[in-house]
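Read through the structure below, which is laid out as structure tokens, and then see the notes.
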Amino acid sequence: MRHMETMRWVDGCLEILDQTLLPGKTEYIKCEHYTTICDAIRRLSVRGAPAIGAAAAYGLALGAASLSPAGKAEFVSAIEQIARELCDTRPTAINLQWAVDRMLQLLHEQTTDSVEVLKETLLAAAHAIYREDLASNRRIGEFGEKLIPPNVSILTHCNAGALATAGFGTALGVIRAAHQAGKNIHVYADETRPLLQGARLTAWELMQDNIPVTLLTDNMAGYLMACGKVDLVIVGADRITANGDVANKIGTYSVAVLAKEHGLPFYVAAPMSTFDLNLAGGQEIPIENRDEREVTHFAGHPVAPAGVKVWNPAFDVTPHPLVTAIITDRGVARPPYTKTLPALVDK
Ligand code: MRU
């Protein structure tokens, strides 16, 4: 079926599906200026590692379009400033930095002095990043589907679906591909506190595709496994380091520990743009801390005593010994990741 587009380029503007309103409302935010994209990324109107990468790429193109520099040097320096602002919006998902770096590298490679040509080049690169992500997710689906048994119950955490990407999804892409291959799949979706990406987005996406899904709160996952109701776990990733450590939505680590305890495979699905092989291990990944109101308030209402101290990291790191395999757009990597990940990157 045709999915809601996460973002779309219309008449020189980026329209972003406001995921903070889902599943109740489907509204697009019209971004005429890159600062609107920065805000949309910060407030999670657009979220999910590959989606924020693509949005940032369009942000750079939109920023470029608004410039009237005296010459190329002034243009390049203004673009570098916009790139820094975009990268500062969210620190954990490497896809954002990856997309911006790819655009900057392309810019530096251009020999033309025409600012208009440079603007067009940046927009074309943003379109390419968006298009390639969709193709990557389909390949992840093809590789991952082979790991899925014919009758299976899968637990997932957060939303690594079409909404988190340019379409199809990573973890949900594997699930979609297996469903399309005729496999009998039942998905359990963790609600994913504090911002409920599992309840609001994953459950919604799967129901739209008629893939059977059952929602549970995060603290029910252990008992669900103990009851024998889960065969395997698949999640997405925000950054994967050289040793195979995986940063993903807060709560992923707990699920991985539970999977290990219950002898269940724990799969991670991610495109190559999520790999950061410059980092040796997960302890080097910057983890975003978010506003305490996300924990003290629920749907705008206070649910904790005013003034209470809050800890609200948006992501955690799952150490590589807990990761059974990493499903990428270039194939499936298994331990030892220090050997198998560089081999995929060089492929
Ligand atoms: O804070 P979010 O909603 O951007 O977090 C998203 C996740 O953690 C996803 O699992 C991850 O980005 C992979 S998306 C394909």
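The values are calculated or read from the model by the stated rules, or taken from the named source; none is laboratory data. None of the values given here were measured: they were computed from a predicted structure. With ideal geometry, Cβ positions are generated from the backbone for all residues, glycine too; neighbour counts draw on all protein chains shown. For accessibility, only protein heavy atoms count, side chains too; no ligands or nucleic acids. Shrake-Rupley method; radii C 1.70, N 1.55, O 1.52, S 1.80 Å.
Scanning region 29-44 for residues that are assigned to a loop (DSSP other than H, G, I, E, B), within 15 Å of the ligand (Cβ to nearest atom) and over 13 Å from the mean Cα position of the chain (by Cα) yields a count of 1. Checking each residue in region 242-280 for being within 27 Å of Ala135 (Cβ to Cβ), more than 14 Å from the ligand (Cβ to nearest atom) and among the acidic types (Asp, Glu) picks out only Asp245. Being within 29 Å of Asp18 (Cβ to Cβ) and without any contact (Cβ under 8 Å) to a residue 60 or more places away in the chain is a condition met by at least one residue of region 120-127.
Yes or no, residue by residue, for (1) hydrophobic (A, V, I, L, M, F, W, C); (2) in contact with a Leu (Cβ under 9 Å, 6 or more places away or on another chain):
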{"position": "Arg42", "(1), (2)": "no, no"}
{"position": "Ile52", "(1), (2)": "yes, yes"}
{"position": "Ala56", "(1), (2)": "yes, yes"}
{"position": "Ala70", "(1), (2)": "yes, no"}
{"position": "Val76", "(1), (2)": "yes, yes"}
{"position": "Arg84", "(1), (2)": "no, no"}
{"position": "Asp101", "(1), (2)": "no, no"}
{"position": "Leu107", "(1), (2)": "yes, yes"}
{"position": "Lys119", "(1), (2)": "no, yes"}
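The test for being within 16 Å of the ligand (Cβ to nearest atom), modelled with pLDDT of 95 or more and in contact with a strand residue (DSSP E or B) (Cβ under 9 Å, 6 or more places away or on another chain) does not hold for Thr324.
Collect the residues in region 325-347 that are in contact with a helix residue (DSSP H, G or I) (Cβ under 8 Å, 6 or more places away or on another chain) and open to solvent by less than 90 Å² (accessible area, probe 1.4 Å), keeping them in residue-number order. Answer for region 325-347, where residues must be in contact with a helix residue (DSSP H, G or I) (Cβ under 8 Å, 6 or more places away or on another chain) and open to solvent by less than 90 Å² (accessible area, probe 1.4 Å): Ile326, Ile327, Thr328, Asp329, Arg330, Gly331, Val332, Ala333, Pro335, Tyr337, Leu344, Val345. Do we find that Gly228 is surrounded by fewer than 24 Cβ atoms within 10 Å (Cβ to Cβ), within 12 Å of the ligand (Cβ to nearest atom) and modelled with pLDDT of 95 or more in this structure? The answer is no for Gly228. Against the definition (within 11 Å of the ligand (Cβ to nearest atom), surrounded by 24 or more Cβ atoms within 10 Å (Cβ to Cβ) and under 26 Å from Val295 (Cα atoms)), how does Thr170 come out, yes or no? So Thr170 does not fit the description; no. For region 101-145, the set of residues classified as touching a strand residue (DSSP E or B) at 6+ places or on another chain (Cβ under 9 Å) and under 16 Å from Leu60 (Cβ atoms) consists of Leu123, Ala126, His127, Tyr130, listed by residue number. So is Gly222 free of Cβ contacts under 8 Å to residues at least 24 places away in the same chain and more than 16 Å from the ligand (Cβ to nearest atom) or not? Against the criterion (free of Cβ contacts under 8 Å to residues at least 24 places away in the same chain and more than 16 Å from the ligand (Cβ to nearest atom)), Gly222 does not qualify.
Of all residues in region 130-159, those that are part of a loop (DSSP other than H, G, I, E, B) have Cβ atoms under 7 Å from Cβ atoms of residues that are modelled with pLDDT of 95 or more and surrounded by fewer than 17 Cβ atoms within 10 Å (Cβ to Cβ), 6 or more apart or on another chain, in Ile148/Lys183; Pro150/Lys183; Pro150/Asn184. Within region 7-14, does at least one residue satisfy the condition of being within 15 Å of the ligand (Cβ to nearest atom) and within 24 Å of Glu132 (Cα to Cα)? Within region 7-14, one or more residues are within 15 Å of the ligand (Cβ to nearest atom) and within 24 Å of Glu132 (Cα to Cα).
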